Amino acid sequence: MKNTMGNSVALTVFGESHGTAIGAVLDGIAPGIPVDTDFIASQLVLRRPVGSISTPRSEEDKFIIESGVFEGKTTGTPICIVIPNEDTRSKDYGEIRSKARPGHADFTAFAKYHGFEDYRGGGHFSGRITAGIVAAGAIAISALKQKGILIGTHIAKCAGISDREFKDFPADIKALSEKSFAVLDGACEEPMKNAIIAAKTEGDSVGGVLETAVIGLPEGIGEPWFDTVEGLLSHALFSIPAIKGVEFGGGFALSDMRGSEANDEFYLEDGRVQTSTNNNGGINGGITNGMPLIFRCGVKPTPTIGKTQNTVDFIAMQNTELSARGRHDPCIVHRARVVVDSITALVLCDILAGRFGTDWLVK
């Protein structure tokens, strides 16, 4: 029944979609790190629904920092962030309590928690829980930025429509931080949004791919076997609802290459070791090599759709049909982008604190 990740810097999430509140506890973060509440609020805005391409549920995400911050800086004690739930409609879920929504965790939650789980709106399995991750992640992002480490995620693909790849990493990451719909090529935005709306009109949904770049990481962090950078990041990234695949660098495409194509050749420039390509995504042997850290997350289509689907009533133990009710997103790719940034920042803070000590994160 564990809901915590991290060793030196640990994150615990709590709450349910239709409970009184959700939130997160961030423990192990160094004292003296500035906490910008306006930045936390702006990050939460990036996670919130956006017009017709998102759910009608509208939460203001008015967060309360209950502990761990004093006079605008971390104290070194656990930071507890609480976000009240205000726009809930639990009656939408009463009639389908025992019907397993295809693609959701209704049946597996029932199997694990023996029927005592809060099933409303997906309960503890809801994407709503990621708001706490984003709030805590904003503190981690700020801490990394002070050390010259920047994170940016764009919608590499949505509904089969592709964005361009990263080119100028610092400029692209800065540009993404200023966009609510995170594409590098502005010409992709309208076609992607139109495809989302088209799926919604048909009572369906779409998925996509998020690509993340991290620059400024020192070489030499990570462990060679069970705590590799890829392993720790993947472990955390797969906790984000709808993430069904993670690949680093060239990923699965490397399997179609020869070694002469896949290998990243080394060279020296201004006294630094660099590689001419980055097929390995900035990691060799589970350890960073100083090149940009690159990975992609596959996001499945939102499982709640308006079409009638076959399912089971797992209490009555009989076959039945289900047509989704309630409010749901036709696509969550654009909203998940800031969650990926936040999870990435939290994992990297943990790895860096484990390597250099927690005080390393203080400027």
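Annotations
- Given the chain, longest segment not containing exposed loop chymotrypsin sites (Phe, Trp or Tyr not before Pro) (DSSP; at most 11 other Cβ within 10 Å): 227-363
- Cross-link partners for Lys112 among the aspartates and glutamates, with Cα-Cα distance under 17 Å and sequence neighbours closer than 8 places in the same chain left out: Glu16, Asp313.
- Listed values for region 237-246 are Karplus-derived 3J(HN,Hα) couplings in whole Hz (6.51 cos²θ - 1.76 cosθ + 1.60, θ = phi - 60°), namely 4, 6, 7, 6, x, 5, 6, 10, x, 9, and x replaces Gly and Pro.
- When the Cα positions of Phe266, Ile151, Pro102 are compared along the charge dipole of region 4-361, Pro102 comes out farthest toward the positive end, with charges on each C-beta of Lys, Arg, Asp and Glu.
- Placing dummy labels 7 Å off each Cα toward the beta-carbon, the span from Asp313 to Asp168 is 6.2 nm.
- Listed residue (Thr320, Pro34, Gly250) projecting farthest to the positive dipole end of region 4-361, Cβ model: Thr320
- Fewest-first ranking of Arg258, Arg97, Arg48, using other Cβ atoms within 10 Å as the exposure measure: Arg258, Arg97, Arg48
- Summed over all non-identical Cα pairs, the Kirkwood treatment of region 1-67 gives a radius of 14.3 Å.
- Charge dipole (Cα centre; +1 on Lys/Arg Cβ, -1 on Asp/Glu Cβ; no other charges) of region 275-360 amounts to roughly 260 debye.
- Residue pairs, from the table Lys174/Lys300; Lys200/Lys300; Lys2/Lys62; Lys62/Lys147; Lys62/Lys200; Lys145/Lys174, whose Cα atoms sit over 23 Å apart: Lys174/Lys300; Lys2/Lys62; Lys62/Lys147; Lys62/Lys200
- Length-normalised contact order of the chain in % [C-alpha pairs under 8 Å, at least 6 apart]: 24
- Result for the chain in a Gaussian network model with C-alpha springs under 10 Å: among Asn289, Asn280, Asn263, the largest mean-square fluctuation is at Asn263.
- Restricting region 149-244 to GluC sites (Glu not before Pro) that sit in a DSSP loop and have at most 10 other Cβ atoms within 10 Å of their own Cβ leaves Glu178.
- Here region 4-361 yields Rg over Rh of 0.98, to two decimals, using C-alpha coordinates and the Kirkwood radius.
Just so you know, all these numbers are worked out from the coordinates, no wet-lab data involved. Note that this is a predicted model, so its numbers are computed, not measured. Cβ sites come from the backbone with ideal geometry, for glycine too, and all protein chains shown count toward neighbours.
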